[in-house]
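To start, the structure under review is shown below, and the notes come after it.
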Amino acid sequence: MKRSIFTLISILFLSYHPSISQGPISRLSAYIGGGTGYYLGDLQPLAVPTIKTFGLSGQLGVSYQFYRRFGVSLHYQFNHLRGDDALSTDIKRRNRFLSFHSDVHEISLRLTFDLLRSDKFKTIPYLIAGFGYFHFNPLAADGTALQPLGTEGQYVGTNDYPLPYTLWAPSIPVGLGFRWRISCRFSVKAEITYHKTFTDYLDDVSSKEYPDKADILSMPTGSPTTTLAYSDRRVDPANAFLSRGNPSRMDSFLDMNIGLVIHFGKCGSRGGIYEDCKALYKNMAH
């Protein structure tokens with residue numbers, strides 16, 4: 001019975017402990033992690049995600065805790081995004097037969113707000129918000145770069161079609177994370193982040209109307225026949241979506257990552273929280 005009480009106290013101590021037991025908490029840290037990314041846009045094939053709609057994701061950065069609950073980080077995020085009409089259960093979407101994949105590289109400045117005090121709790125939930133800038137390059141399934149083709153008539157040269165889009169765009173990342181301190185030197189963290197973007201061309205699809213075939217074939221630059229082949233890929237035009245895309249809503253994406261955090265600076269007199277718990281348990285047991 002006595003040992004069970006000690007065990008219970010030790011478990012509680014893992015979640016809450018005074019800062020003196022942990023020692024000084026470093027303000028500066030670096031982190032690296034990986035996980036998965038998910039695209040949200042015109043070529044999102046399914047309402048419920050499956051393994052085929054996720055891509056690899058990775059992150060690294062440096063953070064500085066400038067106040068008890070507030071921190072700032074310089075963050076790099078990589079996401080491989082993809083969308084494919086062929087995966088859809090909707091026959092009209094499958095007959096549209098558009099697809100893309102793209103590597104997205106984002107640099108952002110992020111603020112974090114700890115919902116619990118890091119000098120009192122070992123597991124800290126926190127909020128994320130920031131501003132970023134990212135590069136993307138939508139490719140067809142065979143690796144053909146779509147932006148230089150002007151698949152929506154960007155290079156026709158008339159006001160009837162949109163201007164060519166840039167492969168750089170701003171973003172606003174917002175999310176939720178959990179940081180678990182395992183020692184004075186290391187923590188692990190898990191985050192889910194939604195990236196609001198200001199482009200509708202992550203997938204090379206935006207315009208509602210398909211470009212006129214005669215206009216595409218008369219383009220003064222590029223390869224008109226190649227552009228036409230990637231612009232309108234409908235298998236059965238009579239049984240496909242009437243619109244190519246939806247220009248009223250910007251594309252976005254999210255990622256879920258797990259990472260390792262390395263805290264810099266001098267540790268306290270004890271080696272970390274696990275050592276503190278072991279010492280507490282030993283003292284109480286005797």
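The values are calculated or read from the model by the stated rules, or taken from the named source; none is laboratory data. All of these numbers come straight from a predicted model, not from anything done at the bench. Cβ: placed from backbone, ideal geometry, glycine included. Neighbour counts: every protein chain shown. What goes into the accessible areas is simple: the full protein's heavy atoms, side chains included, and nothing from ligands, DNA or RNA. Shrake-Rupley method; radii C 1.70, N 1.55, O 1.52, S 1.80 Å.
Could you check how many residues of region 38-65 are hydroxyl-bearing (Ser, Thr, Tyr) and within 14 Å of Met256 (Cα to Cα)?
Here the count works out to 4.
I'm checking my understanding of the structure. Among residues of region 124-162 that are aliphatic (A, V, I, L, M) and open to solvent by 50 Å² or more (accessible area, probe 1.4 Å), which one is farthest from Ala214 (Cα to Cα)?
Leu127
Only one of Leu260, Leu202 is among the aliphatic types (A, V, I, L, M), modelled with pLDDT of 95 or more and either surrounded by fewer than 19 Cβ atoms within 10 Å (Cβ to Cβ) or farther than 29 Å from Ser73 by Cα (or both); which? It would help to see each step written out before you state the result.
Working: Leu202 fails: either surrounded by fewer than 19 Cβ atoms within 10 Å (Cβ to Cβ) or farther than 29 Å from Ser73 by Cα (or both).
Residue meeting the stated conditions: Leu260.
Just one of (1) over 19 Å from Leu139 (Cα atoms); (2) surrounded by fewer than 20 Cβ atoms within 10 Å (Cβ to Cβ) trips up Ala240, so point out which.
(2)
Being in contact (Cβ under 8 Å) with a residue 40 or more places away in the chain, open to solvent by 30 Å² or more (accessible area, probe 1.4 Å) and not in a loop (DSSP other than H, G, I, E, B) is the filter here; which residues of region 205-225 pass it?
Result: Asp215, single match.
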